[in-house]
Every structure is written in C-alpha cells, then in structure tokens.
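Contents: one structure, followed by commentary.
Nothing in this text is a laboratory measurement; each read-out follows from the coordinates by a stated rule. Just so you know, these numbers come straight off a predicted model, no measurement behind them. In this analysis, Cβ positions are derived from the backbone assuming ideal geometry, glycine residues included, and neighbour counts consider all displayed protein chains.
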Amino acid sequence: MSIFLIDDNEDLVATLRQVLEAEGFAEVRSATSPLRALDELGVTGTGREPPALDAILLDIRMPGMDGLEVLRRIKAREEFRAVPVLMLTAQRDESLLDQAFRAGAVDYITKPIVVTELLARLRSAVARKRELDALRAREHNLQETARLLQKTNQTLLRHNESLKTISALDEVTALANRRQFNQSLEDEWRRAARDVQPLALVLLDLDYFKAFNDSYGHLAGDACLRRVAAVVQEAVHRPGDLAARYGGEEFAVLLPNTTPDGASALAETLRQQVEALALPHVGSPTYRLVTISLGACALIPRHEWTPAVLVAGADKALYAAKAGGRNRVRLFEQPTTEPPGPSGEDIWRDNASHATAETLLARARRLRQGIERRMDQVLDRGVAS
C-alpha cells in the first residue's frame, strides 16, 4: 500500500512513517510543506509523473497554505479524485471539517493521534478505495466488452447485409436472382393493389441461345448473358424498378406504376440496344446476331388475383413474340376485367404499329400455325423417345 503523508510537524511525520511501515504499508512518502507536497504529487506543473497512491494523510492547518487549499488542488487532478484523503486536525472545528468534506476528504483523525484509531481509519479508507477500484475496473471491463460486442454486432450486421445482398443476386449476371424477383413481385403487387396503380412486367429471352452455347461454348454464353444483363440493368432508372435474371437465358424487368405503353416502349428500347451490341451468333437461323424476344404485360392488380396473373400475361406475350418471328416485342392487353387465361380475351399488340382487324387475323393465324408446329415437334420427340 502506498501512503502520502503531508504535515509540517517533522517529528510527527517521522513517527508516523515508522508506524505505518511497521504495520505493512510498503511505501510511505512524506512532505513537510504544502508546496513540496504538491510538487511531489505532480500538481504544480513541473512535469513530474503523479504517483499511484492508496491514501493521503493531510494536516488541515499548515503555514503558508492551509490543508484545505492543498486538498482542493489535489482533488482537481483526475489522478487523485478516487484517492481517499484523511484530514489530520488538532481541533475539532466543525466548519473546517465541513469544508474539508465538501472539498473531497473522506474522514478525519484528531491529534494527538491514537495509533490504533489511525490504522483502523486508514485501513478502512484503503479497503473502500480498493473496492471502488475493483468496481470501476469491472465497470470499465463491462463497458469495453459492451463496446466490443457493439462493434462485433455492427460487423455482423454489415456481413449479414452483404450476405443478404449476395444471396439476392445472380452469380453470373449480378442482377437480382429469381428469389429476389419473386419477393419484389409480391411486394409491388400488394402495393399496386392497395394504391390502385398499374404494375408492368417485361419478360425477355435470348433468341436461339442453346445454339449460341453449342457454337461458342458455355463460357462465351455466360459472357453474352452478362452483356445483355448490363443493357437490361442500364435501362431501369427508378428506385422501384427491378431487373432480374428469371432463369436460364430469360430476364425479367418489374416496373411499378407503369402503363402498357410505357412497358412496351421500354421493351422496344431493350430490343434495339441488345441488337446494337452486334454480338455475332452464327447459330441464329435469322439474324446472325444475338437478339431478344420480349413480352410485356401491364395491369392494375386486384386483391382477388395473384401475381401469377401478371407473369402469365407477360409469358403469353413473350411466346407470341417468339412465334411471330423473334427479335420483336409483343404486348399482352386485357380488354376485360378478367385475368389473363382461358376466361379472358387475349390480344397481342405489336409495338411497331397499330394493328388493323386484318393484321390481327393474320397474326392470329401465324400464332396458331406456330403453336401447331410446336405441338408437332413435341409429339415427334415423344414418338422418337
């Protein structure tokens, strides 16, 4: 234990040093003047390092500077605010003692000093200090642990957000993956139904992509998908729009608050921009370049419908675009309140022109022929197998 003794009575200081050292106080420092004491405590600004102390014994009356002023200067230093100071007084002056306690003293000892009383009060003060030091250390450790936990939690949150972002992306194209698309479709469907606002979906498919992979290899196929994905991502600008890889060589663009004309216009822009990439495609029987077919659908969701209604409409339009020769846009329109399907009247509109009755009939015939050819191919494969 380290004690600092301040008293102008040199004989008393020498006696107390002997007593304290004999009672096991390992380090007893002393000063017989206030200025010398403040200097050794590093309070006077001399640059001396303040010592680590367990307690201070301070005479309340000394020449030049009384003990109260010494006490105030000591307690003004952060290093000594937790160190107990016991005042030594020859007279029990209530006013002086009150000032001393207000200034930071924890106890007092009257002169002439009774050794047993001195040791009891001193040991009690040191024990309280050590208990407080232990509490402060535990509190500091808890605060440090809490800080580290908070930092760890923040790191985990960042990692979770990163993992969440990564889990929502397609690893080849870096667009939203199918899972993220499905979630966004559900959310936007409910929002549009609640606000009675249109919701549009564009599905697009790379034409003859299997032939592309057969001709150039799957690595080149992935590179091609990334080029097309970049075009699709660049085309969506609003915060609610979502570009996603729907599966294989198929992409989806979800467009909240978008009319049929708006969806059709965006689809045509995508078609033109992909064609402008001029990516060679020797396996294409029509254009010898990478092209896309697109189907668009826009409607105002109703609570009794499901998002599958929108997907079915866009899928029907995409099928019509393929059946109509590929590298084109078709828009699914629904003139009735029925959802797309057998009970609704399905009309496909080519975005390039307004169809007359004759062209609609001609397109319907071509569509029927395409469906028949598709069914014949399926039957032929079934027979061959």
(message) Filter the range 209-252 down to the residues that are free of Cβ contacts under 8 Å to residues at least 40 places away in the same chain, more than 19 Å from Gln272 (Cβ to Cβ) and of a type in the set (A, V, I, L, M) and list them by number.
(response) Leu219, Ala220, Ala223
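Those residues that are among the small types (Gly, Ala, Ser), surrounded by 19 or more Cβ atoms within 10 Å (Cβ to Cβ) and within 14 Å of Pro307 (Cβ to Cβ), I need them from the range 166-215; list them, please. Don't jump to the end; show me each part of the working.
First, the residues of the range 166-215 that are among the small types (Gly, Ala, Ser): 167-168, 174, 176, 184, 192-193, 200, 211, 215.
Restricting the remaining residues to those that are surrounded by 19 or more Cβ atoms within 10 Å (Cβ to Cβ) gives 176, 184, 192, 200.
Of everything in the range 166-215, those that are among the small types (Gly, Ala, Ser), surrounded by 19 or more Cβ atoms within 10 Å (Cβ to Cβ) and within 14 Å of Pro307 (Cβ to Cβ) turn out to be Ser184, Ala192, Ala200.
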(request) Tally the residues that are over 20 Å from Leu122 (Cβ atoms), of a type in the set (Gly, Ala, Ser) and either surrounded by 22 or more Cβ atoms within 10 Å (Cβ to Cβ) or within 59 Å of the chain's Cα centre (by Cα) (or both), restricting the search to the range 55-97. (result) 1
